[in-house]
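For reference, the structure discussed in these notes is given below.
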């Protein structure tokens with residue numbers, strides 16, 4: 001899949017943008033705060049029906065305006081055209097369309113345009129709570145496994161209903177809370193099984209990328225942690241119910257799962273340097289690309305690389321440049337404030353590329369450099 005053209009109106013600080021993209025490499029330069037990340041976020045939005053940086057849709061409308069519109073014109077790996085439209089008016093329902101036909105459920109769109117994004121906010125994968133690491137697994141698996149996404153939606157709905165009953169001042173009815181526990185157990189068991197299957201296959205791909213970028217300087221590992229390994233999930237929910245009533249929320253379930261990230265024998269959160277952490281995150285995302293490319297619809301994902309070279313030494317930057325300039329990747333969008341990094345990549349690319357400059361929400365192609 002590749003994005004041929006994008007049209008943006010009133011999205012964040014981008015007033016009106018119309019761009020045609022290269023099939024291979026699209027470099028976006030500009031100072032911090034000019035709108036580079038907002039342009040990347042518009043591309044992300046067309047894949048996931050939401051912003052990567054602000055989940056409140058109305059706050060993504062440009063200040064002083066009443067709506068935003070995003071349109072993407074794509075071509076599949078088989079040469080078929082795809083048009084995606086998103087429009088949001090203030091205080092109205094968001095509309096999402098594929099080839100002019102409106103979706104009844106946004107989840108039906110997930111996976112059509114697989115995408116991998118690397119950005120500074122990914123630091124939360126290591127430094128943040130377990131919710132960030134579960135989200136990483138969910139974003140990958142949901143792009144190729146619709147059954148997983150549906151099960152995850154059912155689980156979260158049942159969890160919300162159970163938590164509401166747990167917070168109730170009156171003792172919840174046994175029959176009612178049991179219904180939600182049974183739904184949590186059934187859908188949660190499927191989610192656990194698919195997460196475990198994914199991680200088992202994902203680990204060697206991730207370790208291979210880390211080894212390449214670091215030139216075998218460190219050893220890293222991932223491990224999936226879940227209460228489901230302790231036994232029947234439904235039994236655990238029932239056994240924990242009274243304690244959960246005291247706490248006011250569910251202590252057991254796949255919403256507590258985690259990914260344990262280590263460098264050597266120690267948690268990378270505690271022992272990793274800034275460069276090692278950045279290498280770990282980039283290896284995770286490049287492995288995500290490789291995994292998505294192999295699975296599901298066999299569609300090559302888009303790759304967004306937002307300011308990825310910060311805190312990396314020259315040798316690791318060089319290894320990443322070799323990777324992204326190679327034939328293994330499809331369409332790439334990359335931002336940087338440092339033109340030197342982008343020039344190194346462009347020198348290694350034999351095919352087509354385009355260079356864009358962002359300044360105060362205005363985006364223009366640098367044709368003289370192309």
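Some notes on this structure:
- Members of segment 224-234 that are touching a helix residue (DSSP H, G or I) at 6+ places or on another chain (Cβ under 8 Å) and touching a residue at least 12 places away in the same chain (Cβ under 8 Å): 224, 226, 227, 228, 232, 233, 234
- Checking segment 1-12 against the condition returns a match, with at least one residue being part of a strand (DSSP E or B), at positive phi and either surrounded by fewer than 17 Cβ atoms within 10 Å (Cβ to Cβ) or in contact with a strand residue (DSSP E or B) (Cβ under 9 Å, 6 or more places away or on another chain) (or both).
- Filtering 221, 211 for residues that are closer than 30 Å to residue 263 by Cα, without any contact (Cβ under 8 Å) to a residue 60 or more places away in the chain, in the same structural domain as residue 288 (by TED's automatic domain parsing) and not in a helix (DSSP H, G or I) leaves a single hit, 221.
- Of all residues making up segment 239-250, the number that are surrounded by fewer than 16 Cβ atoms within 10 Å (Cβ to Cβ) and in contact with a helix residue (DSSP H, G or I) (Cβ under 8 Å, 6 or more places away or on another chain): 3
- Scanning segment 277-310 for residues being in a loop (DSSP other than H, G, I, E, B), in contact with a strand residue (DSSP E or B) (Cβ under 9 Å, 6 or more places away or on another chain) and more than 24 Å from residue 31 (Cα to Cα) gives a total of 2.
- Those strands (runs of 3 or more DSSP E) lying entirely in segment 55-149 with at least 2 residues more than 30 Å from residue 275 (Cβ to Cβ) and in contact with a helix residue (DSSP H, G or I) (Cβ under 7 Å, 6 or more places away or on another chain): 67-75, 81-89
- There is at least one residue in segment 287-309 that is surrounded by 15 or more Cβ atoms within 10 Å (Cβ to Cβ) and on the phi > 0 side of the Ramachandran plot.
- Pick from segment 124-169, criterion more than 26 Å from residue 295 (Cβ to Cβ) and touching a residue at least 60 places away in the same chain (Cβ under 8 Å), ranking: surrounded by the most Cβ atoms within 10 Å (Cβ to Cβ): 162
- Among the residues listed as 270, 238, 262, 243, the single one being assigned to a strand (DSSP E or B) and either more than 21 Å from the chain's Cα centre (by Cα) or under 20 Å from residue 135 (Cα atoms) (or both): 262
- Qualifying positions in segment 329-361 - assigned to a loop (DSSP other than H, G, I, E, B) and free of Cβ contacts under 8 Å to residues at least 12 places away in the same chain: 350
- Single residue of segment 91-107 satisfying the filter (closer than 19 Å to residue 58 by Cα and in contact (Cβ under 8 Å) with a residue 24 or more places away in the chain) that is surrounded by the fewest Cβ atoms within 10 Å (Cβ to Cβ): 91
- Of all residues assigned to segment 14-30, none qualifies as being surrounded by fewer than 20 Cβ atoms within 10 Å (Cβ to Cβ), more than 26 Å from residue 346 (Cβ to Cβ) and in contact with a helix residue (DSSP H, G or I) (Cβ under 8 Å, 6 or more places away or on another chain).
- Residue in segment 279-288 that is within 24 Å of the chain's Cα centre (by Cα), more than 26 Å from residue 2 (Cβ to Cβ) and at pLDDT 85 or above present: yes
- Filter result for residue 70 (over 16 Å from residue 361 (Cβ atoms) and buried (at least 21 other Cβ atoms within 10 Å of the Cβ)): no
- Matching residues in segment 29-60 - criterion: being more than 20 Å from the chain's Cα centre (by Cα) and either within 16 Å of residue 360 (Cα to Cα) or not assigned by TED's automatic domain parsing to the domain that holds residue 13 (or both): 29, 30, 31, 32, 33, 34
- Failed item, numbered, when residue 259 is tested on (1) within 18 Å of residue 166 (Cβ to Cβ); (2) touching a residue at least 60 places away in the same chain (Cβ under 8 Å): (1)
The values are calculated or read from the model by the stated rules, or taken from the named source; none is laboratory data. Quick caveat: nothing in here was measured; it's all calculated off a predicted structure. For neighbour counting, all protein chains shown are included, and Cβ atoms are generated from backbone atoms with ideal geometry for every residue, glycine included.
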